[in-house]
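Working notes, beginning with the structure itself.
The values are calculated or read from the model by the stated rules, or taken from the named source; none is laboratory data. Because the structure is a prediction, the values reported are computed rather than measured. Quick reminder, even Gly has a Cβ in these numbers, built from the backbone with ideal geometry, and neighbours come from all protein chains shown.
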Amino acid sequence: MNVNYGKIMTKKYTLPLVACILLSVCFVAAVPSVSAKEYLPPTYEYTTNYYNSYGEPDISASIIGDVEFERGETARLEVVLANRGVIYGFKADQGVGTSETEHELSLQELEYETMRTTAYGIKASLVSTTDQIEVDAETNIHTLEELYPGVLPEDPMVFTITISENIPAGVYILELPLSYEYQKDVRMTEGESVILGEPDLDHASFYENVETTLQIPIVVEPEAMFEVTNVTGTLEAGSTNVVNITYTNIGELPAEDAVARIVVMKPLSTERSTRSLGSMQPGESRTVSFNIASEQSAIAKSYGIDSEIKYYDEDGEDSFSNNMKVSLELNEPQRQINVIGLAIAGIVIILIVLVVKNRRKNGSK
């Protein structure tokens, strides 16, 4: 009679509960207060385990919007965490016999076990793997109270990154270290929690700490990029001199109809500040000449002038290079010997000598 009663109870409660458990796995966010960590769990001696569940949180990260960035860009990186954790199954740890109370407790534990795939207390920080991508420290730490499977956070984690102007094009990996915990085990108290002063506590949850690192790839777009690779010619105060500047396309894409421009300021000046470079393939160099004048009062030293290149990119759009510095040496003017002045001075000296000799001669008579 007892055996038949146990079978009837199993059929009566187990099948409907299994369906409920499967639904709760899909809609785990609907399970409310059982996930809260509001107490220290009692030790195992005050609890009973009916089932072991299998599965844990499976967290991934993705970027909202474009993952391609330009050199020199400061951008907001919006990262969303997703939890794809699933319960793989359950295994009975002990039987319940013919006890209706224990049977209900075991089924209640099964429901609590579905929270195993929820991640709690998530802490995340973004780390750059290269010194050419900088992560703003003020936006670098983010936390989430919990992350349920299949439920996205209300707001993304926003990081600010700055791309170096000199970084090569390509794919770069940013690391996102995560720390969190999840419910590793659930055990029912069966009323023993009264001894611990927790009469309303029907179960105890035990948590496992997890530390993992996710990878976030970003792309630095290829483009034409220029560099001043050679400068010849010097300046002289009070005159106009020719300066030759060599530009090299060190980028990955060609530049069409490139035009070089210099910007000079007093005591330097130029009548024509632009020169055509034509179309330049990656790795190609072109040299152009500028006539630069300097004022008579200019101090002899090294002067820096700005230069940039305007060109058409592969989409036919106007593009500008980064600002480039050109260093020019200005020297004192060479002093030429004044022949006429020297001749006059010589004549004056001769006249003075003749006058002196003449006076001495007259004085001796």
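Observations on the model:
- Near pairs, Cβ below 8 angstrom, 6+ apart or cross-chain, from region 54-73 (within 24 Å of Glu211 (Cα to Cα)) to any residue that is among the polar types (S, T, N, Q) and outside any strand (DSSP E or B): Gly55/Thr117; Glu56/Thr117; Pro57/Thr117; Pro57/Thr118; Asp58/Thr117
- Among the residues of region 170-208, those identified as modelled with pLDDT of 80 or more, of a type in the set (A, V, I, L, M) and surrounded by fewer than 16 Cβ atoms within 10 Å (Cβ to Cβ) are Val171, Ile173.
- Qualifying residue in region 324-335 (condition: in a loop (DSSP other than H, G, I, E, B) and surrounded by 15 or more Cβ atoms within 10 Å (Cβ to Cβ)): no
- Only one entry in Glu252, Glu308, Glu329, Glu284 is over 30 Å from Ile167 (Cβ atoms) and not basic (Lys, Arg), namely Glu329.
- Verdict on Ala119 being under 26 Å from Ile173 (Cα atoms) and in contact with an Asp or Glu (Cβ under 8 Å, 6 or more places away or on another chain): yes
- For region 155-172, a residue qualifies if it is assigned to a loop (DSSP other than H, G, I, E, B) and among the polar types (S, T, N, Q), and the qualifying residues are Ser164, Asn166.
- Pairs with Cβ under 8 Å, 6+ apart, first in region 81-96 and outside any loop (DSSP other than H, G, I, E, B), second of a type in the set (Phe, Trp, Tyr): Asn83/Tyr148; Gly89/Tyr54; Phe90/Tyr51; Phe90/Tyr54; Lys91/Tyr51; Lys91/Tyr54; Ala92/Tyr50; Ala92/Tyr51
- Residue match in region 124-144 (condition: in contact (Cβ under 8 Å) with a residue 60 or more places away in the chain, surrounded by fewer than 16 Cβ atoms within 10 Å (Cβ to Cβ), farther than 30 Å from Glu70 by Cβ and touching a strand residue (DSSP E or B) at 6+ places or on another chain (Cβ under 8 Å)): no
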